[in-house]
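Structure first, then comments.
The values are calculated or read from the model by the stated rules, or taken from the named source; none is laboratory data. Remember, predicted model here, so these are calculated numbers, not experimental data. FYI the Cβ positions are ideal-geometry reconstructions off the backbone, even for glycines, and counts take in every protein chain you see.
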Amino acid sequence: MYPAAFDYYRASSIPEAIKLLQEHPDAKLLAGGHSLLPAMKLRLSEPAALIDISRIADLAGVQDAGDRIIVGATTTYWQLMQSEVIRQSLPLLAEASGVVGDIQVRNRGTIGGALAHADPASDMPAAVLALDASIKAVGAGTYAKRASATEQALAGQAASDQAIERAASHAAEGLDLNGDIFASEEYRAHLTRVLTQRALARAVAAARG
Ligand SMILES: Cc1cc2nc3c(=O)[nH]c(=O)nc-3n(C[C@H](O)[C@H](O)[C@H](O)COP(=O)(O)OP(=O)(O)OC[C@H]3O[C@@H](n4cnc5c(N)ncnc54)[C@H](O)[C@@H]3O)c2cc1C
């Protein structure tokens with residue numbers, strides 16, 4: 001499949017990208033391209049222009065600012081996995097990046113692209129939500145939701161198998177689950193509970209060392 005014709009612009013700075021966006025309101029930003037290009041090839045998305053932000057130096061990389069860690073929008077999964085700062089301070093982000101797609105996707109896909117694309121099946125929204133990250137962005141959305149009922153059920157409890165099972169049984173509460181050709185609403189609720197239980201058990205095992 002080939003995408004519909006589009007113009008291509010490469011921005012070398014954040015102000016230049018913003019200016020190009022203002023000049024081309026029907027354009028889309030291009031980061032790793034691993035969500036956008038498949039959608040364009042299927043003609044699910046037909047932007048008039050692409051503004052490539054993948055080479056803007058200011059948008060890439062991880063920075064330890066003392067009281068917080070700043071992750072640039074075009075930082076790739078591979079860079080997150082390799083970053084000593086991330087591995088030491090936010091190991092969840094390194095681990096979550098390591099399970100995304102395959103080597104090609106991890107080499108090109110970016111955390112900013114994943115958050116902006118906001119696919120409900122994507123790994124990054126849940127990871128940044130769990131880490132209580134602040135996102136400095138315009139127009140980004142997240143479909144991930146904090147499992148507050150599970151957190152409340154766990155608060156003050158010893159991390160026993162029973163406590164984990166009880167807490168995980170609340171994991172699908174308040175979620176806006178959708179049924180589609182891949183899975184029914186009920187199945188997704190069930191999966192949410194099962195995966196939450198496994199994730200909690202794994203987190204407890206990791207904390208115990
Ligand atoms: C084979 C395959 C397997 C995959 N497996 C997984 C998986 O297991 N888990 C997972 O989570 N994801 C998976 N993905 C998706 C992958 O993680 C994408 O890389 C990611 O969702 C989008 O990041 P990107 O940098 O490629 O964004 P792009 O495709 O370049 O852009 C995606 C969207 O975000 C917008 N955008 C990009 N950057 C910004 C920005 N800085 N500010 C505002 N808007 C922006 C674009 O305009 C576009 O609309 C897979 C993809 C493929 C092709």
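Within the range 140-152, work out how many residues are at pLDDT 85 or above and under 23 Å from the mean Cα position of the chain (by Cα). Outline the logic, then answer.
If we filter the range 140-152 for residues that are at pLDDT 85 or above, which is where we start, we get 148-152.
Cutting the leftovers down to under 23 Å from the mean Cα position of the chain (by Cα) gives us 148-151.
Going through the range 140-152 one residue at a time, the tally reaches 4.
Among what's in the range 106-120 and is in a loop (DSSP other than H, G, I, E, B) and near the ligand (Cβ under 9 Å from one of its atoms), pick the residue that is modelled with the lowest pLDDT.
Applying the first criterion (in a loop (DSSP other than H, G, I, E, B)) to the range 106-120 yields 109, 118-120.
Going one step further and asking which of them are near the ligand (Cβ under 9 Å from one of its atoms), we end up with 109, 118-119.
Details: Gly109: 98, Ala118: 84, Asp119: 87.
Filtering first and then ranking leaves Ala118.
Given the conditions (1) loosely packed, with under 15 Cβ neighbours inside 10 Å; (2) more than 12 Å from the ligand (Cβ to nearest atom), which single one is not true for Lys41?
Only one criterion is unmet by Lys41, namely (2).
Just to verify a result, which residue in the range 116-130, among those that are touching a residue at least 24 places away in the same chain (Cβ under 8 Å) and in contact with a helix residue (DSSP H, G or I) (Cβ under 6 Å, 6 or more places away or on another chain), is surrounded by the fewest Cβ atoms within 10 Å (Cβ to Cβ)?
Among those that are touching a residue at least 24 places away in the same chain (Cβ under 8 Å) and in contact with a helix residue (DSSP H, G or I) (Cβ under 6 Å, 6 or more places away or on another chain), it is Asp123.
For every residue, the table says whether it meets (1) of a type in the set (Lys, Arg); (2) under 26 Å from Val128 (Cα atoms); (3) assigned by TED's automatic domain parsing to the domain that holds Ser122.
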| site | (1), (2), (3) |
| --- | --- |
| Ala17 | no, yes, no |
| Ala39 | no, yes, no |
| Leu44 | no, no, no |
| Gln82 | no, yes, yes |
| Leu93 | no, yes, yes |
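Consider only pairs whose beta carbons are under 6 Å apart and that are at least six residues apart or on different chains; among these, list those whose first residue lies in the range 95-112 and is within 7 Å of Thr76 (Cα to Cα) and whose second residue is of a type in the set (S, T, N, Q) and near the ligand (Cβ under 8 Å from one of its atoms).
The qualifying pairs are Thr110/Thr74; Thr110/Thr76.
Which residue out of Ala155, Ala137 is over 12 Å from the mean Cα position of the chain (by Cα), surrounded by fewer than 16 Cβ atoms within 10 Å (Cβ to Cβ) and modelled with pLDDT under 90? Write out each step before concluding.
On the way: Ala155 fails: modelled with pLDDT under 90.
None of the other options fit; the residue is Ala137.
Answer with yes or no whether Gln22 is surrounded by fewer than 18 Cβ atoms within 10 Å (Cβ to Cβ) and at pLDDT below 95.
Values: surrounded by fewer than 18 Cβ atoms within 10 Å (Cβ to Cβ): yes; at pLDDT below 95: yes.
For Gln22, the condition - surrounded by fewer than 18 Cβ atoms within 10 Å (Cβ to Cβ) and at pLDDT below 95 - is met.
Only one of these is closer than 23 Å to Ala133 by Cα and within 14 Å of the ligand (Cβ to nearest atom): Ile69, Ile53. Name it. Steps first, answer last, please.
Details: Ile69 fails: within 14 Å of the ligand (Cβ to nearest atom).
Answer to the selection: Ile53.
Every residue, every condition in (1) within 8 Å of the ligand (Cβ to nearest atom); (2) at pLDDT below 95; (3) over 24 Å from Leu29 (Cα atoms), yes or no:
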{"residue": "Gln79", "(1), (2), (3)": "no, no, no"}
{"residue": "Gln82", "(1), (2), (3)": "no, no, yes"}
{"residue": "Ile86", "(1), (2), (3)": "no, no, yes"}
{"residue": "Gly98", "(1), (2), (3)": "no, no, yes"}
{"residue": "Gln104", "(1), (2), (3)": "yes, no, no"}
{"residue": "Ser122", "(1), (2), (3)": "yes, yes, no"}
{"residue": "Ala126", "(1), (2), (3)": "no, yes, no"}
{"residue": "Leu129", "(1), (2), (3)": "no, yes, no"}
